[in-house]
1. May I ask you to compute the full-extension gain from K137 to S76, defined as 0.36 nm times their residue separation minus their alpha-carbon distance, rounded to one decimal in nm?
2. Count the lysine pairs in the chain that are 8 or more places apart or on different chains: how many have C-alpha atoms under 24 angstrom apart?
3. Can you give the longest stretch of the chain with no exposed loop site, where a site means GluC sites (Glu not before Pro) in a DSSP loop (not H, G, I, E or B) with at most 11 other C-beta atoms within 10 Å?
4. To the nearest 20 Debye, how big is the dipole of the chain about its Cα centre, given +1 on the beta carbon of each Lys and Arg and -1 on that of each Asp and Glu?
5. Once neighbouring chains are kept in place and the probe is 1.4 Å, which whole percent of the accessible area of segment 1-55 is contributed by carbon and sulfur?
6. Please state the shape class of the chain: rounded when a/c is under 1.5, otherwise prolate if a/b exceeds b/c and oblate if not, all from the C-alpha gyration tensor.
7. Would you calculate a helix-derived [θ] at 222 nm for the chain, using -39,500 (n - 2.57) for each DSSP H run of n ≥ 4 and dividing by the full residue count, to the nearest 500?
8. Please give the FRET efficiency for A174 paired with N65, using the beta carbon to beta carbon distance and R0 = 45 Å, rounded to the nearest 0.05.
Amino acid sequence: FSGDRARGLRLADFDGQKPVLMMIGGSLGAQTVNAVLREALPALTKRFDVLHVCGKGNLDASLENTPGYKQFEYLSDELPDAFACADIMLPFHRELKTRFPAANPHLSELMALCKPALLIPYHSGRGDQVLNANSLKARGLAHVMPQSELTAESLPPAIDALWADRELLRQRLAALPDADGTQLVLDQIHKYMKK
């Protein structure tokens, strides 16, 4: 909640004339999504500035001077500002649920910040990512694309659809009771401290 949009735009060298799509992920499973996003850049950067947190060792030197694209291995102290400048999100991580490394967003963080997101659940494992993503989709809180359908051709229209629905998604996220959850946790701590 402490992020500042202007600082985030400066961090990415964006002028604020286009909406910002932020892709964040860094696990081994994100390599496919990183590659597809980069392949789709010519189409995406026509409409969006793309802030890409790609994971340690995953920078692509050939894209360093691509207009409308800024890549980072990871963000720590700057992450709130990056979130603040992002208009829509493409989060990806093998653990698209509750156990993220510190530099990756929890779904609850995106919900608390009312960030419209296109979720791409990791296709293997126990299947809980798919269940979590589809639960949010069914409640009208996010868009979902199965990883098996993700291509450089399918991503731009999916991002356009997310952009078209952004205000409705924001309204639904903002209407959630206790989306932040901080006070609920504090209430429980205080309740048990008194016992």
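1. That works out to 19.1 nm of additional length.
2. Value for the chain: 11.
3. Details: sites that count: E64, E153.
With GluC sites (Glu not before Pro) excluded where exposed in loops, the chain gives 65-152 as its longest stretch.
4. Values: 22 positive and 23 negative charges, 134 e Å.
So the magnitude is around 640 debye.
5. On the way: 1220 of 2370 Å².
Here it works out to 52 percent.
6. On the way: a/c = 1.60, a/b = 1.41, b/c = 1.14.
Cα axes put the chain in the prolate bin.
7. Details: 9 runs with 76 residues, N = 195.
Here the helix-only value at 222 nm equals -10500 deg cm²/dmol.
8. Working: r = 38 Å, r/R0 = 0.83.
It comes to 0.75.
The values are calculated or read from the model by the stated rules, or taken from the named source; none is laboratory data. Please read these numbers as outputs of a predicted model, since none were measured by experiment. With ideal geometry, Cβ positions are generated from the backbone for all residues, glycine too; neighbour counts draw on all protein chains shown. Heads up: the accessible areas ignore ligands, DNA and RNA and are worked out on the full protein's heavy atoms, side chains in. Shrake-Rupley method; radii C 1.70, N 1.55, O 1.52, S 1.80 Å.
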